[in-house]
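No lab work stands behind these numbers, since they all come straight from the coordinates. The model shown is predicted, which means the values in this text are computed figures rather than measured ones. Cβ coordinates were reconstructed from backbone atoms using ideal geometry, including for glycine residues, and neighbour counts include every protein chain displayed.
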Amino acid sequence: MSYARLIEATGRVNDFLNAGSILSWDARTMMPKAGAETRAKQLATLAVAARNLLCSDEMKRALEGAEAEVAGKLESSAEARIVAQVREAISYHERIPTELLRRKTELGAAAHEVWAEARENADFSIFAPALTTMVDINREMAQAIGFEDHPYDALMYRFEPGTTTAGLSTLFARLRDGMIPLVRAIADAEKPRSDFLFRDYPVDAQMEFALQMAKRIGYDTDRGRLDTTVHPFEVSFTRNDVRITTRVATDYMPMSLFGALHEAGHAIYEQGINPAYTRTPLATDLISLYAVGGVSFGAHESQSRLWENHVGRSRAFWANHMGDIKAAYPGLLDDVTDEEFYRAVNRSEPSFIRVEADELTYDFHIMLRAELEAKMVDGSLEVAELPDAWNTAMKDYLGVDVPNDAQGVLQDVHWSSGQIGTFCNYTIGNIMAAQLFETATSENPDILTALDGANYTPLRGWLTDNVAQHGRRFTRDELLENATGRALDPEPYIAHLTRKFTDIYALS
């Protein structure tokens with residue numbers, strides 16, 4: 001019965017983490033600003049309690065007995081994977097001092113409000129002291145975790161196991177080789193019409209339509225809800241309570257729509273996890289101490305980017321749903337065809353804001369952030385130097401002059417919460433999305449036929465069978481190899497971008 005005791009004990013760890021997730025969701029959607037200081041301590045208490053239970057003598061005794069019980073099972077079995085993941089997590093967290101975890105969690109909660117104030121005032125100096133402390137804490141964590149070549153590798157391990165600074169450099173170079181010629185060709189091409197995206201769209205109508213489209217692709221609102229926030233996110237409190245957020249600008253409607261589609265992709269992943277994995281390590285990231293079921297943050301991002309870009313920004317999607325969006329905004333889009341709308345939401349031009357970036361230039365935002373993070377962690381870039389380094393990199397990568405800190409170095413929430421090492425997940429997610437979509441549609445042509453008819457069930461079913469249902473049972477590359485026959489491969493992504501933007505811009 002030791003295995004059963006292990007499942008129950010890890011279930012209580014999951015309970016602590018879900019309680020923390022609920023408090024985090026509330027802090028980012030509804031909590032009054034004055035609650036930030038106390039909320040930070042509450043979240044730190046829960047994180048430390050989860051860590052202490054994970055590393056407790058009770059857990060270790062249950063683990064030792066469970067290891068004996070599952071010794072004869074296949075290494076890939078759910079039971080064997082659970083036991084191995086608990087053993088790995090205990091070893092990982094015992095290397096990190098409890099007080100360091102408390103400081104990181106407490107600062108991560110309190111710093112969110114500091115970041116929000118700095119962003120509102122476009123003043124990096126307000127946030128710089130908190131970020132300096134957060135970088136120092138992450139350096140301590142890297143040293144405690146251990147690494148071979150670069151301290152950034154230890155931090156990425158929490159979010160994307162196996163990814164290294166050297167490997168990212170090679171991957172980014174391959175993407176630049178494939179994308180820069182497209183970016184340069186598009187710079188001289190005629191731009192699609194997009195004026196209609198910037199009209200005055202009522203907030204309530206935006207939220208209603210965003211939720212309508214999220215539900216259309218498969219987001220189950222009996223097990224979720226949509227709210228607004230400063231920076232969109234998805235959070236799950238088990239597969240039966242998965243919430244999403246978006247943000248709204250009255251003069252730029254796509255922000256709310258594609259934010260909701262993106263987060264719905266994350267939510268569909270969580271809602272599709274095998275019910276048997278609820279409250280187990282296969283639906284709990286015991287390394288990062290998050291109650292999520294995705295095998296890695298990049299795998300999770302693959303689902304959001306797939307639904308947002310390969311489906312939501314497809315020609316077929318707007319051929320099918322132009323009538324819906326016109327009905328949602330009476331009179332505002334009467335002069336727009338579905339083809340014009342498709343081209344407008346796929347226009348490519350350098351921009352300041354990552355979450356508003358088009359598919360082609362998006363990854364340059366990620367390269368910039370990952371490279372700056374690595375330099376902060378190894379000490380070659382001081383926090384005080386970050387705004388100038390950011391602005392220089394934006395000019396080098398995208399040719400834009402950043403007007404202020406709010407549209408530059410302060411635009412992302414990640415650093416305030418201490419998530420240093422996670423930006424690479426977005427590009428890895430883009431690559432995985434293209435690889436999975438290529439395999440799904442080439443092996444099952446009926447999926448494309450269904451998409452042409454606004455039927456999203458076959459694609460969602462394929463993704464559930466090959467990705468979502470497995471939770472954290474397989475590693476990222478095992479998941480990809482099982483689904484597509486190969487590990488992470490950037491070529492389908494480069495091919496997708498080349499086809500799409502060559503068509504839209506009529507490139508020779």
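Observations, loosely collected:
- Radius of gyration over Kirkwood radius for region 178-245, both on Cα atoms: the Rg/Rh ratio is 1.16.
- Environment charge at Val48 (Cβ cut-off 11 Å; Lys +1, Arg +1, Asp -1, Glu -1): +3
- Ala506 paired with Asp465, simple spin-label distance in nm, labels 7 Å along Cα-to-beta-carbon: 4.2
- Furthest towards positive pole of dipole, Leu100, Leu74, Ala19, structure part region 2-121, Cβ charges: Leu100
- P(r) tail fraction, the chain - alpha-carbon pairs more than 37 Å apart, %: 26
- Among Ser417, Ser380, Ser2, the ranking by other beta carbons within 10 Å of each residue's beta carbon, starting with the fewest, stands as Ser380, Ser2, Ser417.
- The chain - charge dipole about Cα centre, Lys and Arg +1 at Cβ, Asp and Glu -1, debye rounded to 20: 920
- Length gained when the stretch Glu148-Thr475 is fully extended (0.36 nm per residue, less Cα-Cα span): 115.6 nm
- Size descriptors for region 398-508: radius of gyration and Dmax over Cα atoms are 17.8, 48 Å.
- Amide hydrogen proximity for Tyr290: with H placed 1.01 Å from N in the peptide plane, the residues at 5 or more positions away or on another chain lying under 5 Å are Asp285.
- Options Ala327, Asn466, Phe147, ranked by Cα towards positive dipole end of the chain, top entry (Cβ charges): Asn466
- Förster radius 51 Å - calculated FRET efficiency between Ala185 and Asp227 (Cβ-Cβ, nearest 0.05): 0.80
- Gain on full extension, evaluated as 0.36 nm per residue between Ala495 and Ala249 minus their Cα-Cα distance, stands at 85.3 nm.
- Here the gap between Leu100 and Asp401, fully extended at 0.36 nm per residue and compared with their Cα-Cα distance, gives a gain of 104.6 nm.
- Largest-first ellipsoid semi-axes for region 2-121, taking √(5λ) over the Cα gyration tensor eigenvalues, angstrom: 35, 14, 12
- Here region 170-291 is treated with +1 on each Lys and Arg Cβ and -1 on each Asp and Glu Cβ, and its dipole about the Cα centre works out to around 300 debye.
- In this Cβ point-charge picture (+1 for Lys and Arg, -1 for Asp and Glu), region 229-302 has a dipole of about 160 debye about its Cα centre.
- Relative contact order for the chain: 20 percent, from Cα pairs under 8 Å spaced at least 6 residues apart, divided by residue count.
- Mean separation of Cα contacts under 8 Å (6+ apart) over length of region 2-121, as relative contact order %: 38
- Lys/Arg +1, Asp/Glu -1 at C-beta; region 350-508 dipole; positive extreme among Leu507, Gln435, Phe364: Gln435
- Rounded to the nearest 0.05, the FRET efficiency derived from the C-beta distance between Arg193 and Glu385 at R0 = 45 Å is 0.65.
- Net charge of Cβ neighbours under 11 Å - reference Phe317; Lys, Arg +1; Asp, Glu -1: -1
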